[in-house]
Amino acid sequence: MPTALSVVCFSDFMTYRTHHCGALRKADSGSRVTLCGWVDSRRDHGGVVFIDLRDRNGITQVVFRPEEHAEAASAAHGLRVEDVVQVSGSVAPRLTGTENTKLATGEIEIVADTLVILNKADVLPFPLDEDSVNEDLRLEHRYLDLRRPAMVRNLTVRHKVVKTTRDYFDRQGFLEIETPVLSKSTPEGAREFLVPSRIFPGSFYALSQSPQQYKQLLMVAGLERYFQIAKCFRDEDPRADRITELTQVDLEASFITQEDIIELIEGLLVEIFREVRGVEIPRPFLRMTYQEAMNRYGSDKPDRRFGLELITLDEVFKASEFKVFRGALDNGGTVKAINAKGFAGITTGQIEGLTELAKQYGAKGLAFIKVENGEWKSPIAKFLTDAEKQALVSELGIEEGDLILFGAGDWETVCNVLGRIRLRVAELQKLITDPNALEFLWVVEFPLLAYNAEEQKWNAVHHPFTRPHADDVALIDAGEYGKVRAQAYDVVLNGVEIGGGSIRIHESDLQAKLFEVLGISPEKQQLLFPHLLKAFRFGAPPHGGVALGVDRLVMLAVGTENIRDVVAFPKNNRGEDLMMSSPTPAEPRQLRELGIQVARKA
RNA sequence: GGAGUCUUAGCUCAAUCGGUUAGAGCGCUGCCCUGUCACGGCAGAGGUUGCGGGUUCGAGCCCCGUAGACUCCGCCA
């Protein structure tokens, strides 16, 4: 059955609206206005009808009174949530006692005389006012999900972060320069997305996982100060705070020291948080070496919103009879512990959970002491001498009601295990009391290289272009790779690495030497990085840089734990775009053009 | 590549020890309602309990397989 369509036409001489839905106040009373937006809710009393009208800027209540404007009121009875309408009327102070303090516009309402329905809406697949909705549904209908005020706010914060960044670097004399997205595949680093070349069948581009090499070459080019809001692509398995298509504030500068870069980035972060949170972050940020961060927090990205620090107990147990601790020390390892103050009441289930966590990160078990009623309740207490117990009391400040958790083994495993335990205990004890806390710090003096036992080779901790610490270059020649410190630095906020960078190698011979340590032969270097090694021969300035993760930064600024909440059109956990249904199989014709044959999945 | 948790109405969830016709709130449909803002009242529709198999007199619940979701390990220079 054909239905009559009523088409509303607007001429160039008309305006859709005079105000946004968050604009009107008591002072506007009496003026005639026109608003456009979505029906956020409808309260139909049979006679008088109320509409909450929503646009990006806010919500305004519209009232339809049948005795004053019968036609508009009768049309309002038919409205449904999310219909798009235009309302004209006069601004009036609300009747005494009916003001709504929850709305910025809550002192007024629009007494409507005209209602134009611009477009009707079907019933939505999910409610917009509910927080816990199946994420697949939200992603499939992202254009609806983004109508929710929380999402509008997230995207607004993201915009402000990026705009503040551009303004800041512009003032600092940086040039925003775009680098290619279609790039060259490199063996180091993240798995890349490959893009086939039509003109060179069998050859592939790689989507840039970071502009690293381009920005260094911009320094060779003499651009001196470069930055970019760069899209990076990494085909790695997902996590809650990772995404395959990420955005970085990418930066590189010449004739610059680590100190200069730290100062520059602190200045940027101060401005960003002033702009989006209205807070003044104190400077300078705390500094900590990698060594200290691991020793005290068991992490290279310490969360300093709470204490619960790791205490080293090597001295206490170096001559102990307790085999587990003594054995770890005799093998060149360490013994550490944390004191969870007042957590002796931990349940058996929680202890089991912590033990499980410790095992997951490589511990054999989790020794503990509960101090209850003046007694040490512990499976290991009987192995400890009175002197050792006394030493523990003074080292750990043990008091009634405390829970002590131990780690023993090689240094890295112990740090890592207790670092994870520390975070979980803080969660269980609810130690983060201030939801607005912002604990920034720099972690410096990262190791340059780390040995990968599985691959039986040395890998770059940061990346292969990172400059060794000036004092440690001799250690490379001596083959003591594990002791070499890097001129690399991470900036950490509330236990999240929000950025990192390094001073780079700018000499071709030093770069070649590092490649060799990393197991990249001279022949392979010429195959993979000829441009870089060649460029360094023609007068490359000393340079360095840093990259900040925009997605993570915005997550922290808005306080969400889901990275997809700060991206307009994110892919799901498997890299699918549920709204557009990508990826999809290619047309046979496209594959033929590219010279590609798809092997059937076994 | 591996581990854990989960999957019940459009949405969010419940269903006792394996026991009769799988419930609630919101939403939806219809009617009523003139100051609400979580409006209210009455009535109603809506289910292959992800899918497949098994155990049992009887399965949403137990077992096996499978698909999907989320989180984590590996991985992410």
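Just so you know, all these numbers are worked out from the coordinates, no wet-lab data involved. Values in this document were obtained by computation on a predicted structure and should not be read as measured data. Because the Cβ atoms are built from the backbone with ideal geometry, glycine has one as well, and the counts that use them run over all protein chains shown.
Tabulated results
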read-out	value
Kirkwood Rh in Å, taken over the range A:295-359 so that all alpha-carbon pairs contribute	13.8 Å
Among beta bridges that DSSP assigns inside chain A, antiparallel share in %, nearest 5	90 percent
Volume of the Cα convex hull of chain A, divided per residue and given in Å³	261 Å³
Chain A - percent relative contact order, Cα under 8 Å, separation 6 or more	13 percent
Selection of chymotrypsin sites (Phe, Trp or Tyr not before Pro), the range A:212-284, meeting DSSP coil and at most 15 other Cβ within 10 Å	A:Phe255
Chain A: DSSP helices with Cα axial extent of at least 20 Å and average Kyte-Doolittle hydropathy no lower than 0.0	A:258-277, A:411-428
Amide H partners (placed H, <5 Å) of A:Val62, local residues excluded	A:Ile51, A:Asp52, A:Leu53, A:Ile110
Hull-based mean projected area of the range A:306-428, where the convex hull spans the alpha carbons, in square nanometres	6.7 nm²
Estimated 222 nm signal from helices in chain A, with DSSP H stretches of n ≥ 4 weighted -39500 (n - 2.57), rounded to 500	-8500 deg cm²/dmol
Cα pair count fraction exceeding 20 Å, expressed as % - the range A:1-134	46 percent
For the range A:402-542, the spread of Cα positions along each principal axis, largest first, Å	60, 35, 28
Charge tally in the Cβ shell below 14 Å around A:His159, where Lys, Arg are +1 and Asp, Glu are -1, A:His159 excluded	+3
Net charge, A:Lys513 excluded, C-beta distance under 10 Å - Lys, Arg +1, Asp, Glu -1	-4
